[in-house]
1. Quickly run through the stretch 83-117 and pick out the residues that are under 15 Å from the mean Cα position of the chain (by Cα) and more than 16 Å from THR48 (Cβ to Cβ).
2. Looking at this structure, is ILE71 of a type outside the set (Asp, Glu), within 16 Å of ligand 1 (Cβ to nearest atom) and in contact with a strand residue (DSSP E or B) (Cβ under 9 Å, 6 or more places away or on another chain)?
3. Of ASP40, ASP83, which residue is closer than 17 Å to GLY146 by Cα and either crowded, with 16+ Cβ neighbours inside 10 Å or out of contact with any His (no Cβ under 9 Å at 6 or more places or on another chain) (or both)?
4. Does ALA167 qualify as being in contact with a strand residue (DSSP E or B) (Cβ under 9 Å, 6 or more places away or on another chain) and modelled with pLDDT of 95 or more?
5. Taking TYR81 and the conditions (1) away from ligand 2 (no atom under 16 Å from the Cβ); (2) assigned to a helix (DSSP H, G or I), which numbered condition does it fall short on, given that it satisfies the others?
6. Of the residues that sit in the stretch 1-58 and are β-branched (Val, Ile, Thr) and not in a loop (DSSP other than H, G, I, E, B), which one is farthest from ASP118 (Cα to Cα)?
7. Could you tell me whether LEU63 is aliphatic (A, V, I, L, M) and not in a loop (DSSP other than H, G, I, E, B)?
8. If I go through the stretch 89-102 residue by residue, how many of them are under 19 Å from MET139 (Cα atoms), out of contact with any His (no Cβ under 7 Å at 6 or more places or on another chain) and in contact (Cβ under 8 Å) with a residue 24 or more places away in the chain?
Amino acid sequence: MTVPPPIVAPSILAADFSRLAEEVRAVEGAADWLHVDVMDNHFVPNLTIGLPVVQSLRAATELPFDVHLMINDPGRWAPGYADAGAYNVTFHAEACDDPVALAKELRAAGAKAGLAIDRDTPIEPYLDLLPSFDTLLIMTIKAGFGGQRFIPELLEKVRTARRHVNAGHLELRIEVDGGIAADTIEQAAAAGADAFVAGTAVYGADDPAEAVRRLRGLAERAATGA
Ligand code: DX5
Ligand code: ZN
């Protein structure tokens, strides 16, 4: 199985929101992307941060932003995050009638486009859309809250996606999100994921940068079968 070197994306959902810039700097030099969870209290029950916070943070770090929109009507809001300088903007398949059109719009705005698949959504209907996307985020929990237990059965979707991506020679990152930690990342990597979001496992650690490096090491070894 050919898989590019793993990306680790700490989720600031698990950071101390009163010291966000500091928390972001704590993973600079170790993290590949910074995962930013935007929740609207409609698509998911939880409410987090929005565009003004992303705009302010953008000026505080060089890290590429991996914005995960858990919101209704992403067509209305997603391009604003691309304009704010997000590297990748991911929206949920369940919230969007025309994912390909929105992906085009995000790419035209200079961002990469990501499609997210929540716990109860099958992957098969979306496989043919993947050439329009740069990242595919497969939830390994139900979207909405950090600190939940990883659901190993959802890795079947990762395996399906990886087979499809490799067979079609697609340039697409397969990202997993939810419950990723030292005891779960290897199985996710072995299933074919090559980008790993980790909130609690990074910001719950005494040394967040060290936690990122450790996770990457585990993912690398699992992906190469070493
Ligand atoms: C939850 C978010 C996740 C969350 C993961 O819906 O999408 O990014 O921060 O948190 P952990 O790593 O604690 O499961
Ligand atoms: Zn997320």
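1. Matches in the stretch 83-117: TYR87, ASN88, ALA93, ALA111, LYS112, ALA113, GLY114, LEU115, ILE117.
2. Yes, satisfied.
3. ASP40
4. The answer is no for ALA167.
5. TYR81 satisfies every listed condition except (1).
6. VAL24
7. For LEU63, the condition - aliphatic (A, V, I, L, M) and not in a loop (DSSP other than H, G, I, E, B) - is not met.
8. Final tally of qualifying residues: 7.
The values are calculated or read from the model by the stated rules, or taken from the named source; none is laboratory data. None of these values were measured; they are calculated from a predicted model. Virtual Cβ from ideal backbone geometry, glycine too; neighbours counted across all protein chains shown.
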